[in-house]
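Participant: Dropping the structure in here first, questions after.
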Amino acid sequence: GQLHEVARNYFAICDQTKDVFYFGEDVAFYENGKVTKTDGSWQAGKGNRAGLMMPGSPKPKMKFYQELAPGVAMDRAEIVSLTDTCKTPAGTFQRCMRVKESSPLEPGASEYKFHAPGIGLVRDDELRLVKHGFIDAAKGK
């Protein structure tokens, strides 16, 4: 395969609510090993606001903006389900949260993402998790 995109995302967790906030991203798109564009890069501040990437207490039908950079990145999400089963090459995950994502910058387009408890993102539209694991803090691995 070839490198298509590199994104560095900036997140923070609220200790009280466990909400995960999204403060921006630096993104670069590649063709033939060279950066061709950086469309979609943004940071909170100067007219942009941090978005909510993951609520600490998700509920079905909950809606929120993940990105709030007018004219650049305005992804929004709706929690569709908290009880989905998602099969991937890495395994079958129960009680997954299914999120529908869309953007007013791309009218009519949407995609679904699935998040498994204790694992995280396991399916992103057509992409599937193929492997996962945990770091052993005592061993540093």
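Participant: Going through 30, 10, 22 one at a time, which residue ends up being of a type outside the set (S, T, N, Q), farther than 20 Å from residue 69 by Cα and either exposed (fewer than 11 other Cβ atoms within 10 Å of the Cβ) or in contact with a strand residue (DSSP E or B) (Cβ under 9 Å, 6 or more places away or on another chain) (or both)?
Facilitator: When all the criteria are applied, what remains is 30.
Participant: Can you spot a residue in the stretch 100-114 that is surrounded by fewer than 18 Cβ atoms within 10 Å (Cβ to Cβ) and at pLDDT below 95?
Facilitator: The answer is no; no qualifying residue exists.
Participant: Let me ask you something else. Has the stretch 85-96 got at least one residue that is among the small types (Gly, Ala, Ser), within 19 Å of residue 20 (Cβ to Cβ), in contact (Cβ under 8 Å) with a residue 24 or more places away in the chain and surrounded by 14 or more Cβ atoms within 10 Å (Cβ to Cβ)?
Facilitator: Taking every residue of the stretch 85-96 in turn, none turns out to be among the small types (Gly, Ala, Ser), within 19 Å of residue 20 (Cβ to Cβ), in contact (Cβ under 8 Å) with a residue 24 or more places away in the chain and surrounded by 14 or more Cβ atoms within 10 Å (Cβ to Cβ).
The rows are residues; the columns are (1) touching a residue at least 24 places away in the same chain (Cβ under 8 Å); (2) part of a strand (DSSP E or B); (3) of a type in the set (Gly, Ala, Ser).
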| position | (1), (2), (3) |
| --- | --- |
| 10 | yes, yes, no |
| 15 | no, no, no |
| 22 | yes, yes, no |
| 27 | no, yes, no |
| 30 | yes, yes, no |
| 36 | no, yes, no |
| 49 | no, yes, no |
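Participant: Looking at the stretch 59-74, can you tell me whether even one residue there is part of a loop (DSSP other than H, G, I, E, B), over 16 Å from residue 97 (Cβ atoms) and under 14 Å from the mean Cα position of the chain (by Cα)?
Facilitator: yes
Participant: Okay, moving on. Of the residues 52, 121, 82, only one is aliphatic (A, V, I, L, M), closer than 23 Å to residue 7 by Cβ and not assigned by TED's automatic domain parsing to the domain that holds residue 13; which?
Facilitator: 121
Participant: Could I ask something else about it? Just checking, does the stretch 98-115 include any residue being assigned to a strand (DSSP E or B), touching a residue at least 40 places away in the same chain (Cβ under 8 Å), among the polar types (S, T, N, Q) and not assigned by TED's automatic domain parsing to the domain that holds residue 16?
Facilitator: Scanning the stretch 98-115, I find no residue that is assigned to a strand (DSSP E or B), touching a residue at least 40 places away in the same chain (Cβ under 8 Å), among the polar types (S, T, N, Q) and not assigned by TED's automatic domain parsing to the domain that holds residue 16, so the answer is no.
The values are calculated or read from the model by the stated rules, or taken from the named source; none is laboratory data. If you're wondering where the values come from, they're calculated on a predicted model, not measured in any experiment. Positions of Cβ are generated from backbone atoms using ideal geometry, with glycine treated the same way; all protein chains shown enter the neighbour counts.
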